[in-house]
Structure formats: structure tokens, C-alpha cells
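The values are calculated or read from the model by the stated rules, or taken from the named source; none is laboratory data. Fair warning: this is a prediction, and the values are worked out from it, not measured in the lab. Glycine also receives a Cβ, built like all others from the backbone with ideal geometry; neighbour counts cover every protein chain displayed. These accessible areas exclude ligands, DNA and RNA; they are computed on the full protein's heavy atoms, side chains included. Shrake-Rupley method; radii C 1.70, N 1.55, O 1.52, S 1.80 Å.
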Amino acid sequence: MATRSNSLPSTSPASPSERPKTLVSLATAVFHVLDLSPTSPTLSEIVAFDTADGVYDVAWSESHDSLLIAAVADGSVKIYDTALPPAANPIRSLQEHTREVHSADYNPTRRDSFLTSSWDDTVKLWTVDRPTSVRTFKEHAYCVYNAAWNPRHSDVFCSASGDCTLRIWDVREMGSTMIIPAHEFEILACDWNKYDDCLLASASVDKSIKIWDVRSYRVPIAILNGHGYAVRKVKFSPHRRNLLASCSYDMSVCLWDFMVEDSLVGRHDHHTEFAVGVDMSVLVEGLLASTGWDELVYVWQQGMDPRAV
């Protein structure tokens, strides 16, 4: 896997459709859309798409349940329609970023736009029906590894960068509205709390996760330590306010309750290579998915052993 450093897997466990689906991008420059049966713990492939390079992230459209956005290592943003055969895809390839595109996030409230972040130090705002971006946000001094919409405010998003800062943006403003010097090392991921729109998490190369309240951001309200290497991804639960999941280059997936003293409430060491993707289902409470450089996808219910499924 070390020979494919530009091909990081990611996982997103639920589309807006009625049945839970898992979408996975793999390090072989192919990503697969998988269906999780509601009656058995088996995954079946719906469709697979070849890409010119590795895929760093994927995001389902919030308005069309067959559309998805792929962040590709060749600097492109590709839009796929799972209702069409692979030969008819991608339906659009957006070529504006000048380096690897590292994340994609669809607006969950407005549902007409999405963000991408890139190693070219920028975040771009797009709509599906436009061939060019709506706007480019350029303030970070190094790679922007993640950008995520606020779950309640349709114009607000956060970004996480290798310049060690979190930035809060409002698309109606000319520049960022808040700069948080969150870590002393690169920040690889960020996510908003789904129940308190003023809380967000940052995950860093320094092996920690920090929880921030933007109403008083001088110091974090919680620091979560427990990973042995860089924390690659962090996701708040869509069902429980205090719960979040993370994955790390230490090959583990951890569950945390940031409001209690012993915040680490679960740890899974099922991957045999870097764990680089983790998410929680919006449709099924407690359903998690993870993937890693071992080219394996695990889907399991919280409280169970991922390897037992």
C-alpha cells in the first residue's frame, strides 16, 4: 500500500435513498457502490467506476439519490450517476484544482451545492448544474485536507488545513469569519456536531482530537487522546450529541464521548493497514463503516466486533 500514497480509501455509509448504502473508494483507482441488505449482514456491489487516479473522498448528493461527487488525486472533481451504466460515467469532470482534491461535502440544508478542498490550498464551492465553480476560498497557507458544511446554517462551513488552523467561513462574506489555531501540527479532518451547531471537532497529525465551541474558541472544551499516530478522519454521530468516531494511521477506529472524563468508549483494531475512512449511518442508529489501506471495508453495529460480521 505504501506504493500507492496518492490513493487513499474513504467510506460514506448512507445515501439519501431509503435503503442504507455504502460507497467506498479504493486505492486501485476504482470505487464501488455497495448495498447493505436490510435482512442480512452481506454487502453486494451495485456498480463500480474506474478512475484515472486514486479517489480521496466521495459524497452523495443531497438532492438526487443516484448522484455522487468524487474527489480525485489527479486534481479533478467528478460527478457520477449510479442510475447510468459505467460507460456513461462520469457525467461531468470539473478541472479547476491544480493539485489533489482531498475532500468533498454536499450541502445538507440547501442541497444544491457542494464543497471540495485541495492540496492547492483552496476550497471551492460548486453546484451540479454549473461547469465552473461558484467561488474559490483561498486563505490557507498549506494543503486544505477537509471542508465540511454546518448542519444547520446553509452558508457556513469549516475547513482544516496543514497550516495548523481551522477556519470558519460564511459564503456571504468576503473572507473567513474565524481563525482557530487549533493544533501545532497539520489538521487532517474536521466535522460539525449534528445537535449543537456551535461545536466542531478537529483531528490532527499530533494524534489528538479537539472539540471546539465557536462561541468561545480560545481553548478547546475537550481534548481526546488515545490514538498512537495521526488521526485521519473524525465524524460526529447523527443520533447522539456527545458521540463521535475517528480513525487513524495506527490502524484503529475509536468511539468517544467527549462529555465524560474517560472519553474513549470503544476501540476497534480490525484493520491491518492505515485506517483512513470512517462514517456513521444517518438511517440506522449505531451502524458504522470503515475502510483502510488493507483494501477492506467493514460495516458493523456499535457494540459488536467488526470482524464478527
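Rg/Rh for the stretch 269-309 stands at 0.96; both radii use Cα atoms, and Rh follows the Kirkwood definition. When the P(r) of the chain is calculated, the portion above 28 Å amounts to 31% of the C-alpha pairs.
Within the accessible area of the chain, what % is carbon and sulfur when the probe is 1.4 Å and the other protein chains stay in place? Answer for the chain: carbon and sulfur cover 50 percent of the accessible area. Counting 0.36 nm for each residue step from Met178 to Asp305 and taking away their Cα separation leaves a gain of 41.7 nm.
Computed over protein heavy atoms with a 1.4 Å probe, the accessible surface of the stretch 96-177 works out to 39 Å² per residue. Under conditions of 10 °C and 1.306 mPa s, the stretch 91-134 yields 147 µm² s⁻¹ as its translational diffusion coefficient, taking Rh as the Kirkwood radius over Cα pairs in the Stokes-Einstein equation.
Spatially, the stretch 108-134 and the stretch 79-104 are offset by 13 Å when compared through their Cα centroids. Taking the inverse of the mean reciprocal distance over all distinct Cα pairs, the Kirkwood hydrodynamic radius of the stretch 72-149 comes to 12.8 Å. In a reduced charge model with +1 at each Lys and Arg Cβ and -1 at each Asp and Glu Cβ, the chain shows a dipole moment near 440 debye about its Cα centre.
Accessible surface area normalised per residue over the stretch 190-309 is 41 Å², counting heavy atoms of protein chains with a 1.4 Å rolling probe.
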